[in-house]
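A short worksheet on the structure shown next.
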Amino acid sequence: MINKKSIWFLTLFSLILVLSVYYITMPSELLLNTNADYEKDNKTQEETPTTTIEESTVLVALRVEAEEELLKEMENLQSILNNSEASVEEKNEAFEKMKELNTNKGEEEKLQNKIKEVYKLESFVKIKKDQIEIVVKKEENDSTLANQIMRTIQELYQEQKYITVKFTK
């Protein structure tokens, strides 16, 4: 049975998830304008060159698609949890599925950070059960690099994972 603590947790988690999606999809011009205003106000600091970081549109599209899919699935699971006619087993399954989705999201971010840290490459990671799909931003296909990435990711898990690496521009 779901108690008040679980409902509050799910409500707050949903709010955090929605705000994080909003922040990710916020136009970068808005962030740059805010940063420029701050630098104008703070004239005592030295002039430092600013660099702009552009992320691959393919990676952004994949992230947005994954976020939309996650939000849609979370809404479906949330409706099952809030449905008074759903059985206890259905609610438990929905809650367990939500926990699994949250865990996968954290794992995906951890793997993206690992690839960025080790190989200095932007990437997108999608986990589905024991399959891990990695899309890396790099001009040319490099089988040696793909093999190294697969080994690095597999080292993080005790059980065998099916890892695929794709390269995109």
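All of the numbers you see were taken from the coordinates with simple rules; none came from a lab. None of the values given here were measured: they were computed from a predicted structure. Ideal geometry is used to build each Cβ from the backbone, glycine not excepted, and the neighbour counts take in all protein chains shown.
Size estimate for the stretch 94-169 follows the Kirkwood approach: the inverse of mean 1/r over distinct Cα pairs works out to 12.9 Å. When PHE9, PHE124 are sorted by how many other C-beta atoms sit within 10 angstrom of their C-beta, beginning with the fewest, the order is PHE9, PHE124.
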